[in-house]
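Worksheet: one structure, shown below.
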Amino acid sequence: MLVVMQAHATEEQVRAVCQKIESLGYRAHAMPGATRTAIGITGNQAEIEQGTLDEMAGVQEVIRVSKPYKLVSRDVKEENTVIKFAGTQATIGGKNLAIIAGPCAIESREQAFAVAERVHRAGAQFFRGGAYKPRTSPYSFQGLAEDGLRIMAEIREQFGMKIITEAIDNESLALVEEYADVIQIGARNMQNFSLLKRVGRAKKPVMVKRGLSATLEEFFMAAEYVMSEGNYNVVLCERGVRTFADHTRNTLDLSIVPAVQRLSHLPIVVDPSHGTGKRNKVTPLSRASVAVGADGLIVEVHNQPDKALSDGMQSLYPEQFDELMVQVRQIAAVVGREIVPIGTVASLSSSVETPPDTRMATLR
Ligand code: PEP
Ligand code: MN
């Protein structure tokens, strides 16, 4: 259920409604919007008796949400979610196009810094890299664990890029939460419900990658798990699904971008690296992702792809990433997006406000 507050409802009135919901043994999720606050109710098995909430001060109406996902839905929050980061104008969601780039795995300090230097120079605002790798074979490189996270923290220190890295289980999550700016939940863990709940209690934004055969609703339900625990900073990531096609590793499903945006306020980024598995397809699909309205890209780049310990075949050479950025900037301009640099910390005023979302008008 959803309580829609009146436009002029006071904070106190919102608080009182939340307290009432909690006193009934349910959970209240206040979602402030541009014009009014909505309060999502979770944990209730049946409808709350009429008159319990609708008569309270400041309440406009109480709506039944029939979809299985509630907090993810635009019914609860009309405006797009924009995830902000301290000290930078770069966001995930909003007018800025988020560019996340880096190697599949952090292999060594030298490798990570070599890639970081290049992707930063090309305009990436977020640095990706796995310290814990979910590998198909137990004999493959599994990641450097905390040493990898420390290297990423050094990269953030040196280049200012925000760090995004995967937690593969509840154990790694504690450490990843400490170091990362965004916690990645991998495709194979999209339905690891205990991990989703645990990351829902984390204090950092979470990027949930689409499962290998997940429907849109299943994808949304994964995000709902995270949000139901109180973490509303969730990013969805399309990374390709399994199909009969064998000219690519996965089939990148770009139609999910407008499908997500129609039903949900959450940002969605696209991973053309895992989505295709082939280096020569990453740039064309990056262009297409931006054209279709994605809120960002996550791209694998390696300084020596042929020597990479994982996903070398789909990793771009740094000069290919430079070219990708040139092309993507042009498409971004056409669809009303921009790529703001990460490194303008000093020049920013302390009250960076999200620009009004002009994207709906142009893209939806
Ligand atoms: C990755 O980002 O390196 C990764 C393992 O992704 P996915 O979970 O989409 O396979
Ligand atoms: Mn990878």
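The values are calculated or read from the model by the stated rules, or taken from the named source; none is laboratory data. Please read these numbers as outputs of a predicted model, since none were measured by experiment. No Cβ is skipped: glycine too gets one built from the backbone with ideal geometry, and neighbour counts run over all protein chains shown. In case anyone asks, the SASA skips ligands and DNA or RNA and just uses the protein heavy atoms, side chains included. Shrake-Rupley method; radii C 1.70, N 1.55, O 1.52, S 1.80 Å.
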Fraction of beta bridges assigned by DSSP in the chain that are antiparallel (%, nearest 5): 40 percent
Computed label-point distance, nm, for sites Tyr317 and Thr251 using a 7 Å Cα→Cβ extension: 3.2 nm
Span per principal axis, largest first, for the Cα atoms of the chain (Å): 66, 44, 40
Highest to lowest packing among 85-91, 191-197, 163-169, scored as the average C-beta count within 10 Å: 163-169, 85-91, 191-197
Inter-probe distance in nm under a simple model that places probes 7 Å from Cα toward Cβ, at His8 and Ser194: 5.2 nm
Estimated FRET transfer efficiency when R0 is 30 angstrom, pair Ala259-Ala333 (beta carbons, to 0.05): 0.75
Full-stretch length increase - Thr243, Arg15 - with 0.36 nm per residue and alpha-carbon distance subtracted: 77.3 nm
Accessible solvent surface per residue of the chain, calculated while the other protein chains remain in place, 1.4 angstrom probe, Å²: 43 Å²
Helix axis angle, 279-292 relative to the chain longest principal axis, alpha carbon, degrees: 30 degrees
For the range 24-38 and the range 97-134, distance of Cα centres in Å: 37 Å
Assigned charges on the beta-carbon of Lys, Arg, Asp, Glu; the range 1-159 dipole about Cα centre (debye): 560 debye
Only Lys, Arg (+1) and Asp, Glu (-1) charged, at Cβ; the range 87-334 dipole about Cα centre in debye: 360 debye
Average Cα contact separation per residue, the chain, under 8 Å, 6 or more apart, as relative contact order %: 17 percent
Charge dipole magnitude, Cβ of K and R +1, D and E -1 - the range 195-323, Cα centre, debye nearest 20: 340 debye
Approximate spin-label separation Glu146-Leu212, in nm, with each point projected 7 Å along Cα-to-Cβ: 3.2 nm
Percent accessible area from carbon and sulfur atoms, the range 8-67, protein chains only, probe 1.4 Å: 43 percent
Extension gain, Lys67 back to Tyr139 (0.36 nm per residue minus Cα-Cα distance, nm): 21.7 nm
Arg121-Ser23 FRET efficiency (beta carbon distance; Förster radius 41 Å; 0.05 resolution): 0.15
